[in-house]
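The values are calculated or read from the model by the stated rules, or taken from the named source; none is laboratory data. The structure presented is a predicted model; accordingly, all values stated were derived computationally and were not measured. Note that each Cβ is placed from the backbone with ideal geometry, even for glycine, and that neighbours are counted across all protein chains shown. Just so you know, the surface numbers come from the protein's heavy atoms only, side chains and all, with ligands and any DNA or RNA stripped out. Shrake-Rupley method; radii C 1.70, N 1.55, O 1.52, S 1.80 Å.
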Amino acid sequence: MTRKPVLWFAPQTCARVTLTALEEIGQPFDTRLIAFMAGEHRQPDFLSVNPSGKVPALETGDGVIVQNGAILSYLADMFPEARLLPHPVDARERSRILAELFRCSSDLHPLVTRFVMSPTISTDAADAPRIRAKAGEALALQLAPLERRLDAQPWMLGQDWSILDAYLAWIWFRITGVGFDQRDYSALQTHYAKACERPSAIAALAHEAKAQTELKARGLFFQPPPADKA
Ligand SMILES: N[C@@H](CCC(=O)N[C@@H](CS)C(=O)NCC(=O)O)C(=O)O
């Protein structure tokens, strides 16, 4: 990746995970902010980068990479010294690591979207609490094994932090931000607090804070409503 990468992102979205990965790598990168409330994700400028209109998208010397899992896997391979993911010794170990990435991007993230964005998913406002409740039940089912795992080990993959911990931390931030019941998840709470202490996470949040200020100034910052207001 010879040219400086450019990350297309928005604050509070799953692009936070990619932002954290780039901060962890510690090499210069640029960002382009997408204002969802202005519909910028549906405008030609961005659609020419990612035709599906979703963040994150990473422009690199190797072309544009989309899908968080693919970007993280690419960055882990390109910058092995950053140890974003363990270096797999064989195909089986690689499959275990990929399974955890897909757990975040394919199992959990769609549920997060339904739970957090239920008021914007349905055209019928009365439906929103029901959609959120169903997504909450499904999330509880998916998070229970992770709670047990994190009760027995500090990080998603064992003793060492990986970018999967930033992914899970974003998921936790998103759902608890709108009122997911945390009571049965003390290990996840501890994990989130530890994940947020990492310098790369602090830097990513500082970056987001600047973007958030910019969006607020433009009247374009969106905060999903909490559960009791959905
Ligand atoms: N499968 C994609 C999902 C990305 C995604 O849904 N991003 C959200 C923000 S968290 C987004 O851009 N949503 C805008 C939209 O779907 O219109 C990935 O893992 O990168």
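With Cβ to Cβ distances under 9 Å as the rule, what net charge do the other residues near residue 35 carry (K, R +1; D, E -1)? Walk me through the numbers on the way to the answer.
On the way: positive: 218; negative: 40, 214.
Result for the neighbourhood of residue 35: -1.
Could you tell me which of 69, 182, 22 has its Cα farthest along the dipole of the chain towards the positive end, charges placed at Cβ (Lys, Arg +1; Asp, Glu -1), taken about the Cα centre?
182
Mind checking the alpha-carbon convex hull of segment 72-160 and giving the volume per residue in Å³? Please report the intermediate quantities before stating the final value.
Numbers: hull volume 10.4 nm³, N = 89.
In segment 72-160, the Cα hull volume divided by residue count equals 117 Å³.
Report the relative contact order of segment 26-171, percent, no decimals, based on alpha-carbon pairs under 8 angstrom and at least 6 residues apart. All intermediate terms of the calculation are to be shown ahead of the outcome.
Values: 105 pairs, mean separation 21.8, N = 146.
Relative contact order, segment 26-171: 15 percent.
What is the sum of charges, Lys and Arg at +1 and Asp and Glu at -1, for the other residues whose Cβ falls under 10 Å from the Cβ of residue 169?
Working: positive: 16, 174, 194, 198; negative: 165.
Overall, the nearby charge balance is +3.
How many Å² of accessible area per residue for the chain, probe 1.4 Å? Could the numbers behind the result be given before it?
Values: 11330 Å² over 230 residues.
Value for the chain: 49 Å² per residue.
Cα extents of the chain along the three principal axes, largest first, in whole Å?
Taking max minus min along each principal axis of the Cα atoms, the chain gives 49, 46, 29 Å.
List the relative contact order of segment 91-198 as a percent without decimals, with contacts defined as Cα pairs under 8 Å and 6+ residues apart. It would help to have the intermediate numbers written out before the result.
On the way: 81 pairs, mean separation 28.0, N = 108.
Reported as a whole number, the value is 26 percent.
Rounded if a/c is under 1.5, else prolate if a/b beats b/c, else oblate: with a ≥ b ≥ c from the C-alpha gyration tensor eigenvalues square-rooted, which is segment 118-230?
Values: a/c = 2.88, a/b = 1.19, b/c = 2.43.
Verdict is oblate for segment 118-230.
Find how many whole Å separate the alpha carbon centroid of segment 187-230 from the alpha carbon centroid of segment 85-114.
That distance is 23 Å.
Per residue, what volume in Å³ does the Cα convex hull of segment 47-101 take up?
Details: hull volume 4.9 nm³, N = 55.
Dividing the Cα hull volume of segment 47-101 by its residues yields 90 Å³.
Put a dot 7 Å past each Cα toward the Cβ at residue 125 and residue 36; how far apart are the dots in nm?
Placing both labels 7 Å beyond Cα along the Cβ direction yields 2.0 nm.
Could you give P(r) for segment 1-138, binned at 10 Å from zero, as whole percent values over all Cα-Cα pairs?
The distribution over segment 1-138 is 11, 35, 33, 16, 4, 0, given as percents.
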